[in-house]
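Read-outs throughout are calculated quantities, based only on the coordinates presented, and are distinct from any laboratory measurement. Everything numeric in this text was worked out from a predicted model, so none of it was measured. Heads up, the Cβs are rebuilt from the backbone with ideal geometry, glycines too, and the neighbour counts pull from every protein chain shown.
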Amino acid sequence: MRKVYLDHAATTPAHPKVVEAMMPFFTAKFGNPSNLHDVGREAKNAVEEARSKTAALIGSKPEEIFFTSSGTESNNFAIKGLAQANSQKGKHIIVSQVEHFSVLHPVKTLEKAGFAVTAVPPSREGLVDPAHISKAITKETVLVSVMHANNEIGTIQPIAEIGKITREKGILFHTDAVASVGWIPVDVQALGVDALSLSGHQFYGPKGAAALYVRKGVRIKPQIEGGVQEDGRRGGTENVPAIVGLGKAAEIAAADMGNRAASLTPLRDRLLAGLKQRVPDMFLNGHPERRLPHNVNVSFLYVEGESMLLFLNMEGIYVSSGSACTSRSLKSSHVLSCIGTDAAAANGTLLMTLGTGTSAEDVDYVLEKLPPIVERLRSMSPLYEDVVKSRKKT
Amino acid sequence: MRKVYLDHAATTPAHPKVVEAMMPFFTAKFGNPSNLHDVGREAKNAVEEARSKTAALIGSKPEEIFFTSSGTESNNFAIKGLAQANSQKGKHIIVSQVEHFSVLHPVKTLEKAGFAVTAVPPSREGLVDPAHISKAITKETVLVSVMHANNEIGTIQPIAEIGKITREKGILFHTDAVASVGWIPVDVQALGVDALSLSGHQFYGPKGAAALYVRKGVRIKPQIEGGVQEDGRRGGTENVPAIVGLGKAAEIAAADMGNRAASLTPLRDRLLAGLKQRVPDMFLNGHPERRLPHNVNVSFLYVEGESMLLFLNMEGIYVSSGSACTSRSLKSSHVLSCIGTDAAAANGTLLMTLGTGTSAEDVDYVLEKLPPIVERLRSMSPLYEDVVKSRKKT
Amino acid sequence: MEQYSSKVMEHFAHPHNVGEIENADGVGTVGNPVCGDVMRLYIKVDNNTITDAKFKTFGCGAAIATSSMVTDLVKGKTIDDALKISNAAVAEALGGLPKVKMHCSVLAEEALKSALDDYYKKKGIPSPVKMPAETGHEHEGE
Amino acid sequence: MEQYSSKVMEHFAHPHNVGEIENADGVGTVGNPVCGDVMRLYIKVDNNTITDAKFKTFGCGAAIATSSMVTDLVKGKTIDDALKISNAAVAEALGGLPKVKMHCSVLAEEALKSALDDYYKKKGIPSPVKMPAETGHEHEGE
Ligand SMILES: Cc1ncc(COP(=O)(O)O)c(C=O)c1O
Ligand SMILES: Cc1ncc(COP(=O)(O)O)c(C=O)c1O
């Protein structure tokens, strides 16, 4: 049976060259970078090389890159670390409502600790309006955090425009670019951000290595304390193999960047157009153009997401329902509800994210298998029964 | 040239079987455990198997194990998470002065947030007296944290005795067992602890996977927030390969446990006795008997640690000077100063930690190479010159 | 989430008794599409015995499997015995359910009770049916 | 910490001018064993020219290398020229030092100045030596 993995927003496999680069650092070059002897030195050099490569991918200086263990940790570090270290400036934070929970939960924690928070709503397509950010800014505002691209609905935010505003007002600006780095060009200078989160396993790097970019001169309070590692900003023995892997993935992504969007966009559009053609009562979530090149997020009326997911799984097709990161949660996506997707429809949402290995044949296989599954589930659905009956009446 | 790595307290190589166990999870089985489809399920099952194996090593239930990225993170999580979640009980914390900075710094952060802290001093051999803990307890005491074994001087603390006291008084008790787990038997029931930190790379597991044991029913506040992973206690996509590796390392350690202390202790004693025989003006730090089976921490008068380390490095011998985790710091070890080691002598300290691959020949090689290095450095030392001259006079 | 049992997956992949019963003696619809599950259960009753049962369900794997199982369980039972079928019995017959999916078995019980209630009402008999307490959905995560 | 340059490692592994000078014309000892570095520098002066220099040092790799280098640099210099040798010159001659080790070059300059000061004092000449400002050690980490 064909296997079609369309869940790259959840995680990607490590690139074979990434694994190859990592391998020596488990056994032969296993040193602790903090040690002064050759075994430690070798590990230290490898970490610094990875830092340079990661920096190069986003246009930063190597010393502005701080390695962490996940995108979630990077976001926690950014939000809590920046707010705590700069609270003398003010205690007001602005975020968008469609941020990942790894931004929203730390913000909630800060709120309990006395910060005021404004959560700006997005448009129907998931776009955050820079004017709304501008309006929300007060004298007390210390930090703005808006994600670069949304991991669920794929919408790409006008970060550079927001960056202009925050820079003008001298307010710190963080962007969660976990969903976009490695897929579309990301440049911290062009975006005008002071901090940016990225995560290796989201773009063919390994799990366990992620990074937070922090512009030189910006103060941030360490969240994992008690180690001299990462220039004293993030303690804990470095995950050397994974960091090396992240560096390699960054290098590969930088070289492949032009190619990625160019080859993924037509496949994405083929999948969406094919579904529209074959399945009635279905719609796209997120912005039709300003979206990640590999993201298809669609709601099917009258059917439920998990049951579609499970039937697709039986056909060797692997997708997510609702939020990529919280698909074990029963609660439907906060992102969909923020952009005004009807709650029942939100429950019938599939998130399909393509990867560099996805072929046109893979897409066609999904187009063959998914429509009959929707049809079958609709034939079992009391909601669909009601609709059909009411349609018959009118 | 022979290569003798005697820095196992800094980090260990991953066991070949650990690497083997990890390998499939980078590419073939790369799923995100949060996903419901087969690719995610496969990863989820692997993580749960690793949880069981890790639990088995320390006598806990699998659901009491929470994976983190490092021993440092586990300690931060334990100290801040337990104190914050249970502060209604009181705001007083007791630690020992010889804790790792990944315990002491979070404690300092809590102190700034309004907690009171008592840091109990150790004996000359680095032992914490349970009676001192008992005396330090007040009505406000919410948490006691004393490490199981010290990573620098190797002293093993009377944790079970302290556990009896805390249990009687209904106070939470955490132990940092990062330096001991995998080397000597550790059982959370026998120790009577409510939380325990361990770290994979310290016992032939990979870097990037560590764990915090939290007794069932004990409340702890997540520090990395916004994810459903680890039962909502620690967010972030799981580092599946590393977690699998940690599980494997735990399994290997459990099977090999009887053997480890039995084979390491005589080698440790051979190294120490050999040095004593060959080098005058040298002494052991830490407790002579209640110490880790692979730890030799010795101070050489009149010479400095880094220069010894660098000369040993040229001979293919890899050791640490001062603290295993902070050897890049110029400040000499807080542990040595707490146990009253003279500051000048502390600067001439070497930490040599043996591993399961260390042979008698390796030890003999060190006994051949180290004494002439000490002699040479002494011949260059103005401190030694003064001593020799004053000895001549008398 | 725990894994679905093989019995659950069997009933999900090949659910029994899917469909409608024309002129059913009792129909019950429970649940809410906002929460992700709606069940509709049809019963045919002859001589105090349930001779046929069918369902339509909008919902997750567990919702479909419990619907399939509850319709299997009631067929051939007297209405008195059918009334005694608990959510626990449905879950047990499926080899257990993940903790976060137990509410689906509650929904199945509710759907059955609702259909029986409808049957009594249609017959003009005072209904002895007590609806189970609404347990609500356990919301994981957030 | 940054890596030591190959020049530093060379001087560390094979330091020049190690030892004492009997009846030296100037001896200077600076530093503190508590902080990890003590340097003692001996000079022999003939006709206002430093004809020999030797050192003994308790300290790290950089401390030994800077001691070796400063003794190399002063040999053959007039005492006036020797007085002009700065810590930066010592560090530069070594191909640079890690930032956290710059204090070792300061110590080397101090040791030299202290030896020259001693020379003037022994000669009964008012000493023109100004000791460099104590920069203190930068303590990394904790
Ligand atoms: C006793 C002790 N606690 C905590 C740590 C920190 O663990 P990690 O290196 O995994 O961050 C160490 C590291 O050596 C240690 O020895
Ligand atoms: C936008 C966004 N932010 C943060 C995260 C969390 O990253 P990680 O899975 O590395 O913890 C994700 C995960 O998918 C994400 O999509």
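Across peptide C:39-47, the average count of Cβ atoms from other chains found within 10 Å of a residue's Cβ is 1. Any idea what log10 I(q)/I(0) is at q = 0.18, 0.19, 0.22 Å⁻¹ for region C:1-126, Debye with uniform C-alpha scatterers and no solvent? Debye output, listed in q order: -0.85, -0.94, -1.23. Along region A:284-292 the Karplus relation, 6.51 cos²θ - 1.76 cosθ + 1.60 evaluated at θ = phi - 60°, assigns HN-Hα couplings of 7, 9, x, 7, x, 10, 7, 9, 4 Hz to successive residues, with x for each Gly and Pro.
By how many degrees, between 0 and 90 and to the nearest 10, does the Cα long axis of helix B:240-278 differ from the longest principal axis of chain B? The answer is roughly 20 degrees. When trypsin sites (Lys or Arg not before Pro) are flagged only if DSSP places them in a loop and at most 12 other Cβ atoms lie within 10 Å, the longest unflagged stretch of chain D comes out as D:1-83. Among the residues of A:306-313, the average count of other protein chain beta-carbon atoms within 10 Å of the residue beta-carbon is 6. For the residues A:199, A:69, A:379, a GNM of chain A with alpha-carbon springs under 10 Å puts the largest fluctuation on A:379. Relative to the longest principal axis of chain B, what angle (0 to 90°, nearest 10) does the C-alpha long axis of helix B:101-112 take? Compared with the principal axis, the helix lies near 70 degrees. Taken along its three principal axes, the alpha carbon spread of the protein assembly as shown comes to 126, 59, 53 Å, from the longest extent down to the shortest. With a threshold of 22 Å on the Cα-Cα distance, the over-threshold entries among B:248/C:99; C:7/C:56; A:392/C:56; B:61/C:101; C:101/C:122; C:44/C:101 are B:248/C:99; B:61/C:101; C:101/C:122; C:44/C:101. Computed from Cα atoms, the angle from the helix A:382-393 axis to the main principal axis of chain A rounds to 40 degrees.
Label point of residue D:130 set 7 angstrom out along Cα-Cβ; within region D:22-48, no amide nitrogen lies under 13 Å from it.
With the label put 7 angstrom out from Cα along the Cα-to-Cβ vector, residue A:288 ends up 8.5 nm from the copy partners, going from closest to farthest. The simple spin-label model puts a point 7 Å past each Cα toward its Cβ; for residue B:134 and residue B:97 those points are separated by 2.2 nm.
Classify region B:173-316 as rounded, prolate or oblate, taking a ≥ b ≥ c as the square roots of the eigenvalues of its Cα gyration tensor: rounded when a/c is under 1.5, otherwise prolate if a/b is larger than b/c and oblate if not. It is prolate, given that a/c is not under 1.5 and a/b is the larger ratio.
In the neighborhood of residue B:360, defined by Cβ-to-Cβ distances under 14 Å, what is the net charge if each Lys or Arg adds +1 and each Asp or Glu adds -1? Here the charged neighbours net out to -2. With each label modelled as a point 7 angstrom along the Cα→C-beta vector, the residue C:80-residue B:254 pair spans 5.4 nm.
Using only the Cα atoms of chain B, build the gyration tensor, take square roots of its eigenvalues as a ≥ b ≥ c, and label the shape rounded, prolate or oblate: rounded if a/c is under 1.5, else prolate if a/b is larger than b/c, else oblate.
Details: a/c = 2.23, a/b = 1.40, b/c = 1.60.
Oblate, since a/c reaches 1.5 and b/c is not below a/b.
Candidate cross-link partners of residue C:130 among the aspartates and glutamates, defined by an alpha-carbon separation under 12 Å and a same-chain spacing of 8 or more, comprise C:109, C:110, C:117.
Here residue A:369 is the anchor, and the aspartates and glutamates within straight C-alpha reach of less than 19 Å, apart from those fewer than 8 places off in the same chain, are A:7, A:269, A:281, A:304, A:306, A:315, A:361, B:38. Peptide A:15-24 shows a mean partner chain C-beta count of 2 within 10 Å per residue C-beta. Relative contact order for chain B: 23 percent, from Cα pairs under 8 Å spaced at least 6 residues apart, divided by residue count. Taking D:79, D:125, D:64 in turn, the Gaussian network model of chain D (Cα-Cα springs below 10 Å) assigns the largest fluctuation to D:125. How big is the gap, in Å, between the Cα center of region A:114-181 and the Cα center of region A:246-314? The distance from the Cα centre of region A:114-181 to that of region A:246-314 comes to 24 Å. Region A:56-112 and region B:348-378 have their alpha-carbon centroids 46 Å apart.
In terms of Cα atoms, the Rg and Dmax of region A:156-251 work out to 14.4, 41 Å. Projecting label points 7 angstrom from Cα along Cα→Cβ for residue A:361 and residue A:278 puts them 1.7 nm apart.
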